[in-house]
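The values are calculated or read from the model by the stated rules, or taken from the named source; none is laboratory data. These figures come from a predicted structure and were not determined experimentally. For neighbour counting, all protein chains shown are included, and Cβ atoms are generated from backbone atoms with ideal geometry for every residue, glycine included. Accessible surface areas use protein heavy atoms only, side chains included; no ligands, DNA or RNA. Shrake-Rupley method; radii C 1.70, N 1.55, O 1.52, S 1.80 Å.
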Amino acid sequence: MNTRMRRAAVAVAAGAMAVSLAACGSAKEAGDKTKETGAAAGDAIKVGLLLPENQTARYEKFDKPLIEKTVKELTGGKGEVVYANAKQDATTQNSQVDTMITNKVNVLIVDAVDSKAIAGSVKKAKDAGIPVVAYDRLAEGPIDAYTSFDNEEVGKVQGKALLEALGDKAKDGQIVMMNGSVTDPNAKLFKSGAHSVLDGKVTVGKEYDTVEWKPENANTNMAAALSALGKDKVIGVYSANDGMAGGIITALKAAGVSPLPPVTGQDAELAGVQRIVAGEQFMSVYKPYAPEAEAAAKMAVALAKGEKVTGVTTSTVDSPTTKGVPSVLIPVVSLTKNNIKDTVVKDGVYTVDEICTDKYAAACATLGLK
C-alpha cells in the first residue's frame, strides 16, 4: 500500500453484521441457517474477493488494495485475500465462485458482473457455509450484507450538476442520456435518480443503455445521436461514468462540436479529473472508495469468524430476492473544477503532480492547483 492509498483510507465505524439471508425472505428468517464455518479459523481466514471488470480504473487501483489492507489490519496480518477479476464476463465470475468454494474461503466479497446471473452462485456459496457480502452492486440471492453508495443519489447529483451547467439554456435544445449497462443494478438507480431531476426541465433527444459500460460503445452511441439530432442541437450529455464520458467527448470532438456541451461523469478517474481541469468535462461524482472498501472488509472478517457484530450498518435495502439486507451506504460528492483540491487531492487519491502533467499545467495554474 503506497502513501497515497494510506491517506485515502478514511475511517469507517468498526463492526459487521453476521446475518445470513435466504434466497427469498428476510434477514431475520435466514439468521438461524448460517453455517459458522469461519468461527474456528481465528485470524487465519481466507477472504475471497471477486471484482467485476478492469475497464474502470477504480477496482484494481483502489478497491482491491484497500480491502486487502483492512483485512490485514483486522487479522493481525494473518488474513489472506484471494482475488479474481471477471473482466466483465458473468459466466467467468460464476466459475470463479466455484473455485472459491473449492478453495474453501471463509467468506466472499462479490461485486457482481450481472446481479441476476450471480444469484445461483451466491446460493452455492451459502449452501457450502460461506457467507457473502455484496460489494458496490446489490447481487441477488441469499447475501448477508451489502455496502455501496447511495446510487439513486448519484444520479440526482449528476442531473443537478447538468442543470446547473445548462442554466437558462436548458430549454434551448436536447440532451443525450448515456446510461450504464442493464446488467448492473446500479445503472438503473443512476438512471432513475437522474430522470427524477431532469424530467420536465430538459428534452431528452436520445437515450442509450451502454453495453458493458464500454467507452467505445458510448462513443458509437454518441456519434449516432449527433447524426440523428444534429450536432448543433445537443446542449448537454448525461454520462453515467467517466470512462463513457471520455468516449462521448471524443465523438463530440470528431463531429466538430465546439464549444463542447457540458458532460457529466462518475468515479473521479484521473483522466476524468484532468478533463474537468481542461474544461472538456463538466463534473464527475467523487465516491470515497476507502469507507466502502473498509466496510466490506470489516463485515467480511466478522462473518468469516462467525461473529455477530452490530454497529457498522446504517440501513437496510431490499433486493429482488431478499428483504432487509443490512447495509452501509456511503455519501457522494459532486466534483467540479472548483473543489478538486478539497476532494481528491485532500483525500490523497491523486497528487497535484499526477493531475497537472505538462498537458494540463496551464489549466491547473488557472485553477490554483499547485
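Screening Asn186 with (1) part of a strand (DSSP E or B); (2) over 16 Å from Pro262 (Cα atoms) gives one miss only, at (1).
If you check Ala240, Ala255, Ala225, Ala251, which single one turns out to be under 18 Å from Asn151 (Cα atoms) and of a type in the set (A, V, I, L, M)? Of Ala240, Ala255, Ala225, Ala251, the one residue that is under 18 Å from Asn151 (Cα atoms) and of a type in the set (A, V, I, L, M) is Ala240.
For the range 105-127, the set of residues classified as surrounded by 23 or more Cβ atoms within 10 Å (Cβ to Cβ) and assigned to a helix (DSSP H, G or I) consists of Ser121, Val122, Ala125, Lys126, listed by residue number.
Return a yes/no flag: does the range 146-160 have any residue that is within 18 Å of Val312 (Cα to Cα), assigned to a loop (DSSP other than H, G, I, E, B) and touching a strand residue (DSSP E or B) at 6+ places or on another chain (Cβ under 7 Å). Yes.
Restricting the range 330-370 to residues that are among the small types (Gly, Ala, Ser) and under 22 Å from the mean Cα position of the chain (by Cα), the residue that is least open to solvent (accessible area, probe 1.4 Å) is Gly348. Only a single item in (1) of a type outside the set (Lys, Arg); (2) open to solvent by 10 Å² or more (accessible area, probe 1.4 Å); (3) not in a helix (DSSP H, G or I) is not met by Glu53, and it is number (2).
Evaluated against (1) without any contact (Cβ under 8 Å) to a residue 60 or more places away in the chain; (2) open to solvent by 10 Å² or more (accessible area, probe 1.4 Å); (3) of a type in the set (Gly, Ala, Ser), Gly243 falls short on exactly one condition, (1). Of all residues in the range 193-216, those satisfying the criterion of being open to solvent by less than 50 Å² (accessible area, probe 1.4 Å) and either out of contact with any strand residue (DSSP E or B) (no Cβ under 9 Å at 6 or more places or on another chain) or not in a strand (DSSP E or B) (or both) are Gly193, Ala194, His195, Val197, Leu198, Thr210, Trp213, Pro215. Out of (1) more than 21 Å from the chain's Cα centre (by Cα); (2) open to solvent by 30 Å² or more (accessible area, probe 1.4 Å); (3) on the phi < 0 side of the Ramachandran plot, what's the single condition that is false for Ile130? All conditions pass for Ile130, except number (2). Taking the conditions exactly as written (farther than 28 Å from Ile235 by Cβ and touching a Phe, Trp or Tyr at 6+ places or on another chain (Cβ under 7 Å)), does Ala125 satisfy them or not? No, not satisfied.
Scanning the range 318-332 for residues that are touching a helix residue (DSSP H, G or I) at 6+ places or on another chain (Cβ under 6 Å) and hydrophobic (A, V, I, L, M, F, W, C) yields Val328, Ile330, Val332. Exactly one residue out of Ala296, Ala302 is under 30 Å from Lys46 (Cβ atoms) and under 17 Å from the mean Cα position of the chain (by Cα), and it is Ala296.
For the range 161-178, filtered to residues that are outside any helix (DSSP H, G or I) and open to solvent by 10 Å² or more (accessible area, probe 1.4 Å), the residue that is nearest to Met283 (Cα to Cα) is Ala170.
Of Gly205, Gly265, all but one fail to be in contact with a Leu (Cβ under 7 Å, 6 or more places away or on another chain), of a type outside the set (Ser, Thr, Tyr) and touching a residue at least 24 places away in the same chain (Cβ under 8 Å); the exception is Gly205. The condition of being within 30 Å of Gly120 (Cα to Cα), surrounded by fewer than 24 Cβ atoms within 10 Å (Cβ to Cβ) and out of contact with any Asp or Glu (no Cβ under 9 Å at 6 or more places or on another chain) holds for only one of Ser258, Ser327, that being Ser327.
For the range 128-138, the set of residues classified as in a loop (DSSP other than H, G, I, E, B) and touching an Asp or Glu at 6+ places or on another chain (Cβ under 8 Å) consists of Gly129, Pro131, Asp136, Arg137, listed by residue number.
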